[in-house]
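*Asks:* There's a structure below that I have some questions on.
The values are calculated or read from the model by the stated rules, or taken from the named source; none is laboratory data. This is a predicted model, so every value here is computed, not measured. Note: ideal-geometry Cβ built from the backbone for every residue, glycine included; neighbour counts use all protein chains shown. With ligands, DNA and RNA removed, areas are computed over all heavy atoms of the protein, side chains included. Shrake-Rupley method; radii C 1.70, N 1.55, O 1.52, S 1.80 Å.
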Amino acid sequence: MHLAHSSVRRRLLTASLALFGLLVFGEMLAAQSPFGEVVNVRVVNVEVVVTDGQGVRVTGLGPEDFRLRVDGEDRAIDYFSEIRGGELVPRQESAGKTPEGAGPRPAADPRGGTSYLVFIDEVFSLASDRDRVLRELVEQLPQLSPDDRMAVVAYNSGGLEMLTSWTESGRELERVFKGAMLRSSSAGPLRSQVRAADRDELDLDSVATAGDEPDFLGAVPPGVETVQGLDLEDEAIGERWSVEVDKAVSAASTTLRAFARPPGRKVMLLLSGGWPFSLSNWIAGRSTPGFRSPRLADGFELYSPLTDTANRLGYTLYPVDMPGLPAVDLMGDAAVDRLAIERRREIEIHATLDYLAQETGGRPLIDGDREAALERVVEDTRSYYWLGFTVDPQETLDRQKIRVRLHRKGLEARARRNFQPLTREQEESLQVESALRFGDPPREAPLTVALGEPERAGRRRMEVPVQVAIPLDMVTFVPTADGVEGRLELRIAAQDEGGDLSDIPILGIPVRLPQAPEAGKYARFDTSVTLRREKNRLIFSLTDPPTGRTASARMDVEP
């Protein structure tokens, strides 16, 4: 049994797809499923923290106390649980009016613990600030419960590096954090450029005062005049920071996608070295607060990709203010001016932390809270309400707003602001992306793949022949008029030396046979991939959709 198939499409290259088939064939477009209509309903879980007017946690509420609105319409709460101190509260105790077995079903079992994904920003963080926070994290590791787990990823100028995948070992995490303190920081060149420009401007009269407090919407403080432009040096600095912030946000989003499906509640501890919400205010803050340059992105544009990814994957963000309170090493009037500059920049950083937390239902850990970051996050994620509702992701593909309100006056609910459901196909593709980023392919069984000799396909490209041995034992067959038929999905993805990823197309492989195959039989799938003429890493992932069984392989190819 044999199939030939030409090049897989890459994001960075233009390639075509030609298909040739016998009994087994591949196609880019979804074919009619032999299994009939598939009902693909997912549960969207929303973690909700309820407090009173003094900020004190409120417990003992039931589903009848909550009002859930999705895109402006009331939505029934299909699942409901109260988690208190990491334990599921029995229905009678949680809401005395609702007996066990009545009303919404329990939303979750907290015995899955919490998955803490730690993202260390080394591009904007000074090593001294980072190490202060990491030392405290080591001291707070005993706060984790036996059911919790943690993974740690660092981002620097060289890209992403996984320091450890999910582990429940406190000793391993201590080793990882202590090792992270020995790593270099890339923050020096970025900060020195801004500092040098500050020194040239400290004699100006118009500086922001320490009391100026714009919110994250970029409001101009009272009495401060806006200006019509920034000088070329300011614009250049702002554009460089914009590029670097965008890269850092993309790295954090990529990290979330790579760790998309851990068990239990999902939390990202975002150790941020200082991402301004308004780059215009950040640059102009030393002399012209309140100006927005049309050439510099604002916080909504910069950070919504991260909050959207977190909400889509069900992660709560807890951003940590690693720089903390500003330090000033000058004397006299220069110190006052410098403090005003640093104070305004601190406000912009806090605005970003507020935004990331508010959009995902988390809390910003600012100034003194940074030294108790893990303790605060553990405390915040041990007690909450878990609301669930059902959606059909095939019909609900756009981002939708979520609003949770309480029927009782004086109570406030904190929860994520939106969701966008993932289809099963998208979840599988996330696993492939994770394998490329961090070398952990989705695998229930090994997949046999053979690569041929690369051949030139133009000045900067090469074509690599590929043979995939498809184990027919993993195919779920159903009877048809002509025999039996099944369907597999093949994903092929590539990452080049620069870290660029290919698109991850889904190749449908219907398998039609006159009769059910004998055990141990294979079908051969021939294809080729067109890549840049440099070292590439390839991931092949074969899935049987009805059962979710997966076979995969990871291979490197060089010109």
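*Asks:* Ignoring ligands and nucleic acids, what accessible area does Lys521 show with a 1.4 Å probe (Å², nearest 10)?
*Replies:* Here the residue's solvent-accessible area equals roughly 100 Å².
*Asks:* Could you tell me the distance between the Cα centroids of segment 116-146 and segment 495-559, to the nearest Å?
*Replies:* Cα centroid of segment 116-146 versus Cα centroid of segment 495-559: 38 Å apart.
*Asks:* A further question follows. Can you order the peptides 493-505, 460-472 by their average number of other Cβ atoms within 10 Å per residue, highest first?
*Replies:* The packing order, highest mean first, is 460-472, 493-505.
*Asks:* Rounded if a/c is under 1.5, else prolate if a/b beats b/c, else oblate: with a ≥ b ≥ c from the C-alpha gyration tensor eigenvalues square-rooted, which is segment 396-538?
*Replies:* Oblate is the answer for segment 396-538, as a/c is 1.5 or above yet b/c matches or exceeds a/b.
*Asks:* Ordering Asp526, Asp74 by accessible area with a probe of 1.4 Å, largest first, what comes out?
*Replies:* So, going from the largest accessible area down, we get Asp74, Asp526.
*Asks:* Okay, next question. What fraction, in whole percent, of alpha-carbon pairs in segment 242-282 exceed 15 Å separation?
*Replies:* The share of Cα pairs beyond 15 Å in segment 242-282 comes to 51 percent.
*Asks:* A further question on this structure: Thr550: accessible area at probe 1.4 Å, nearest 10 Å²?
*Replies:* Accessible area of Thr550: about 10 Å².
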